[in-house]
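Just below is one structure, and these are the notes that go with it.
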Amino acid sequence: MVNDSPRATEIKLHQKSRRMEIAFSDGSQFELSYELLRVYSPSAEVRGHGPGQEVLQAGKRDVEIVSLEPSGSYALQPAFSDGHSTGIYSWDYLYWLGQNRENLWREYLERLERAGASREPGPAPFEPRPKSK
């Protein structure tokens, strides 16, 4: 992180609307949906280990942040309701997400459409069969 980069000064989680409100030291404020944060997680699980290895995250419309922990003095580590908790979001990355959220959201929706995927959560991979009598 560059020394003069904006730092987060206030973070609020709005569980009902599933949005993170974040204010920065330069006066910028952003609202980031939990879904956007989840599908653009900086983790290797989402981003892969290099260009072209990104993994499209589908079915995340209703994802929630169940906990939020600081990571040193430079980042946050959220845990999401779908079990994902390996992304460490630096202040720089959160600021970048805030500045680019409209374009990122549009790109995400376009990628879902090209893949024939949906924002809606799907059924569990293995649903239990009803017990016979």
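Sum up the charges of everything whose Cβ sits under 10 Å from the Cβ of D26, counting Lys and Arg as +1 and Asp and Glu as -1, but leave D26 out.
Working: positive: R7; negative: D4.
Residues close to D26 contribute a combined charge of 0.
Grab the beta carbon distance between S85 and Q53, set R0 = 22 Å, and tell me the FRET efficiency rounded to 0.05. The partial results should precede the final answer.
On the way: r = 20 Å, r/R0 = 0.93.
With a Förster radius of 22 Å, E is 0.60.
To the nearest 0.05, how large is the calculated FRET efficiency for S43 and R119 if R₀ is 22 Å and r is the Cβ-Cβ distance? Don't skip to the answer; put the middle values down first.
Working: r = 19 Å, r/R0 = 0.88.
The formula returns an efficiency of 0.70 here.
Using a 10 Å Cβ count of at most 15 others and DSSP loop calls, identify the longest part of the chain lacking such GluC sites (Glu not before Pro). Mind dumping the intermediate values first?
Working: sites that count: E54, E64.
The answer is 65-133.
Can you compute 3J(HN,Hα) from phi for each residue in region 60-72, using the Karplus curve 6.51 cos²θ - 1.76 cosθ + 1.60 with θ = phi - 60°, rounded to whole Hz and x for Gly and Pro?
Computed from phi, the couplings for region 60-72 are 9, 3, 9, 4, 10, 8, 9, 7, 9, 10, x, 10, x Hz.
Give me the Kirkwood hydrodynamic radius of the chain, using the inverse of the mean 1/r over all pairs of distinct Cα atoms, in Å to one decimal. Write down the numbers at each step before the final one.
Values: mean 1/r = 0.0622 Å⁻¹.
By the Kirkwood definition, the hydrodynamic radius is 16.1 Å.
Tell me, what ³J(HN,Hα) does each residue in region 109-114 have, in order and in whole Hz, if you take phi through Karplus 6.51 cos²θ - 1.76 cosθ + 1.60 with θ = phi - 60° and put x for Gly and Pro?
Once θ is set to phi - 60°, the couplings for region 109-114 become 4, 5, 5, 4, 4, 4 Hz.
Which value in nm describes the separation of the simple spin-label points at E102 and L68, placed 7 Å from the Cα toward the beta carbon?
If labels sit at E102 and L68, their model points lie 2.4 nm apart.
Can you give me the long-range amide H partners of E64? Hydrogens built in the peptide plane at 1.01 Å from N, cutoff under 5 Å, separation of 5 or more residues or another chain.
S81, D82
What are the residues whose amide H is under 5 Å from the amide H of S118, where those residues sit 5 or more places off or on another chain and H is modelled from the backbone?
The answer is G59.
Under a 5 Å amide H to amide H cut-off, with H placed in plane at 1.01 Å, what residues pair with T9 once short-range neighbours are removed?
Close amide H contacts, sequence-distant or interchain: A23, F24, S25.
For region 8-115, what's the relative contact order in percent, using C-alpha pairs closer than 8 Å and at least 6 residues apart?
Values: 152 pairs, mean separation 21.2, N = 108.
The normalised contact order for region 8-115 reaches 20 percent.
Using the Karplus curve 6.51 cos²θ - 1.76 cosθ + 1.60 with θ = phi - 60°, what ³J(HN,Hα) values do you get for each residue of region 85-94, in whole Hz, with x for Gly and Pro?
Values per residue, Gly and Pro as x: 8, 9, x, 10, 9, 5, 4, 4, 5, 4 Hz.
All of the numbers you see were taken from the coordinates with simple rules; none came from a lab. Computed from a predicted structure; not experimentally measured. Cβ: placed from backbone, ideal geometry, glycine included. Neighbour counts: every protein chain shown.
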